[in-house]
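Read through the structure below, which is laid out as structure tokens, and then see the notes.
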Amino acid sequence: MDGEFRIIGAIRRIRIIARGTGIREFAKLRKLFGEGNWRKLGGEVLVRLPNGHIRLCEVHWYEAHGVGRKKLKIKRFLDEIR
């Protein structure tokens, strides 16, 4: 579910999914964005989709100190469309 979307508010229920060499894309992250203590994280947040709908989603991203949040993507929707 990649694409353009905008985060609304703060990400909640943040958890670490993997860190360091436990991340499948670890070598690619280091090559693209540089050295750092890389972690793959997940959480829940409201997002505005390109069609204007606002949905509660589970999102995953990579993050390293001094580099910031990279490659944010929607993994699944947690609410129902009404």
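Listing for the model above:
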{"read-out": "Estimated dipole of the chain in Debye, rounded to 20 [Cβ of Lys and Arg +1, of Asp and Glu -1, Cα centre]", "value": "200 debye"}
{"read-out": "Ellipsoid equivalent to the range 14-71 - semi-axes via the Cα gyration tensor, in Å", "value": "25, 12, 9"}
{"read-out": "In order through the range 14-30: 3J(HN,Hα) via Karplus (6.51 cos²θ - 1.76 cosθ + 1.60), integer Hz, x for Gly, Pro", "value": "6, 9, 8, 9, 7, 8, x, 5, x, 8, 4, 8, 4, 4, 5, 4, 5"}
{"read-out": "For the range 39-53, 3J(HN,Hα) per residue [Karplus equation, 6.51 cos²θ - 1.76 cosθ + 1.60, θ = phi - 60°, Hz, x = Gly/Pro]", "value": "9, 9, 10, x, x, 10, 7, 7, 10, 9, 7, x, 7, x, 5"}
{"read-out": "Long-range amide H partners of ILE17 with built H, under 5 Å", "value": "LYS40, LEU41, GLY42"}
{"read-out": "Peptides 40-52, 15-27 ordered by average Cβ neighbours within 10 Å, highest first", "value": "40-52, 15-27"}
{"read-out": "Whole-percent carbon and sulfur share, accessible surface of the chain, 1.4 Å", "value": "48 percent"}
{"read-out": "Karplus-derived HN-Hα couplings along the range 55-62 (A = 6.51, B = -1.76, C = 1.60, θ = phi - 60°), whole Hz, x at Gly and Pro", "value": "10, 8, 10, 8, 10, 10, 7, 10"}
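The values are calculated or read from the model by the stated rules, or taken from the named source; none is laboratory data. Being a predicted model, the structure only gives us computed values, none of them experimental. Every residue, glycine among them, receives a Cβ derived from its backbone with ideal geometry; neighbour counts consider all protein chains shown. In case anyone asks, the SASA skips ligands and DNA or RNA and just uses the protein heavy atoms, side chains included. Shrake-Rupley method; radii C 1.70, N 1.55, O 1.52, S 1.80 Å.
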